[in-house]
Amino acid sequence: MIYLTLYEAEYYERREGKDVQCLLCPRKCIIKSEDLSDCKARKNIDGKLYALGYNRFTSVHADPIEKKPVYHFKPGTNSMSFGAAGCNLHCAHCQNWSISQISAESNNLITVTPQNAMDIIRKNNCDTIAYTYNEPLINFEWIKDTGKLAHQNGYANILVSNGLINAKPLQELLPIIDAANIDIKAFTEDFYKDVTGFPGLKHIKKNVVTMLQEGIHIELTMLLIPTLNDSPEEIEAFANWVKETLNSKVPIHFSRFYPHYKMQHLPPTPVETVLNAKKIAEKVGLRYVYTGNLPYSEINTTTCQNCGSTLVERVNYTVKIIELGIDGNCRKCGEPSDFHL
């Protein structure tokens, strides 16, 4: 591999000989010289750890913000989305495995500097930049540099992530991130251990609480997989945690599983399971519960919690702002809508 530019990683320590230990995420990989980290985005080169994903991307695309999915932050706008290579989880059902399970050393990646990213956002008339597709947090250094530049240029930053990062690097990102959709893979550590390869739920829950407390707009997604994380009991436990630990107004997205990657043996999630999860969460008291990946045109309307008027109507990614005022309140009755415009 010939490197055009090497960017030394942050959050690591040197160990015996030329070994290093990465401290970016709870895996805390100990990496021998010339080896990669578990996420395949960081490499020990002669006793120094380098961030291989800096400026190197697999995917660059302008998406509707609702595709992240983020529904209550700048609805109806487009987000310039950047995806790199690698991931610190190894989900057996990953739908982006062709980029998440490869090394950032891979050939034919797209070069995008932080300044290039600003030019791309401007050219595509986007309002936000989204760090997405693979696990963006393993590209911590590029997010930090690009996020600061985005704020200087008037753009908001959106994180679409599994949420697995250590507390200190997260603290550095808190002033940069404006909104986040965190993928809650399941609500048991056994699932994380068996299906994702790392029992990280406790770390992820803590990070979600921290982000919410720091004023970041949070939405959560749970992909429901038959027999693995779709029981009514698990869904109810998840919904109760959201209500009691976070906020009943945090938007939740329940999505339908389709066979992918190493999980071809399971059938698609029954539609009724997804709809029932929505009912369970709403019965617990969650205010904004949405569904995804259903086999028909999805209508995910947001209504005013006071008068019932339609604030935002969504049919797939076609979005109509109806009674949502520019002040974020319902135009009919004035009730605050919990949107960030």
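Here segment 298-318 and segment 1-64 have alpha carbon centers that stand 43 Å from each other. The ranking of Arg15, Arg287, Arg56, Arg42 from fewest to most other beta carbons within 10 Å of each one's beta carbon is Arg15, Arg287, Arg56, Arg42.
Hey, what number do you get for the chain at 222 nm if only DSSP H runs of n ≥ 4 count, each worth -39500 (n - 2.57), divided across all residues, to the nearest 500?
Mean residue ellipticity at 222 nm (helix-derived): -6000 deg cm²/dmol.
With the largest listed first and rounded to whole Å, the semi-axes of the equivalent ellipsoid of segment 12-51 from the Cα gyration tensor are 14, 11, 7.
Can you give me the convex hull volume of the Cα atoms of segment 122-261, divided per residue and expressed in Å³?
Residue-normalised Cα hull volume stands at 129 Å³.
Magnitude of the charge dipole for segment 298-341, about its Cα centre and with charges confined to Cβ atoms of Lys, Arg (+1) and Asp, Glu (-1), is about 120 debye.
One quarter of the surface of the convex hull around the alpha-carbon atoms of the chain equals 16.9 nm², the direction-averaged projected area. When Tyr288, Tyr131, Tyr7 are arranged by Cβ crowding within 10 Å, least crowded first, meaning fewest neighbours, the order is Tyr7, Tyr288, Tyr131. Most simply put, the chain has about 50% antiparallel DSSP beta bridges, counting only bridges with both residues inside it.
Pairs exceeding a 26 Å alpha-carbon distance, out of Lys185/Lys206; Lys68/Lys185; Lys32/Lys193; Lys74/Lys123: none at all.
With Cα atoms as the point set, segment 209-257 shows a radius of gyration and Dmax of 11.8, 35 Å. Counting neighbouring Cβ atoms within 10 Å and putting the fewest first, the residues Leu311, Leu52 line up as Leu311, Leu52. Rounded to the nearest 20 debye, the dipole magnitude of the chain is 160 debye, with +1 charges on Lys and Arg beta carbons, -1 on Asp and Glu beta carbons, and the Cα centre as origin.
Each of Pro175, Thr111, Val70 was placed along the dipole of the chain (beta-carbon charges, centred on the mean Cα), and the one lying farthest toward the positive end is Thr111.
Which Cα, out of Val209, Val250, Thr146, lies furthest along the positive dipole direction of the chain (beta carbon charges, K/R +1, D/E -1)? Working it through, the farthest residue towards the positive pole turns out to be Thr146.
Please report the antiparallel percentage of the DSSP beta bridges confined to segment 1-158, to the nearest 5.
In segment 1-158, DSSP labels about 75 percent of beta bridges as antiparallel.
Bear in mind these aren't lab numbers, they're just calculated from the coordinates by the rules spelled out. Model, not experiment: these values are computed from the prediction. Positions of Cβ are generated from backbone atoms using ideal geometry, with glycine treated the same way; all protein chains shown enter the neighbour counts.
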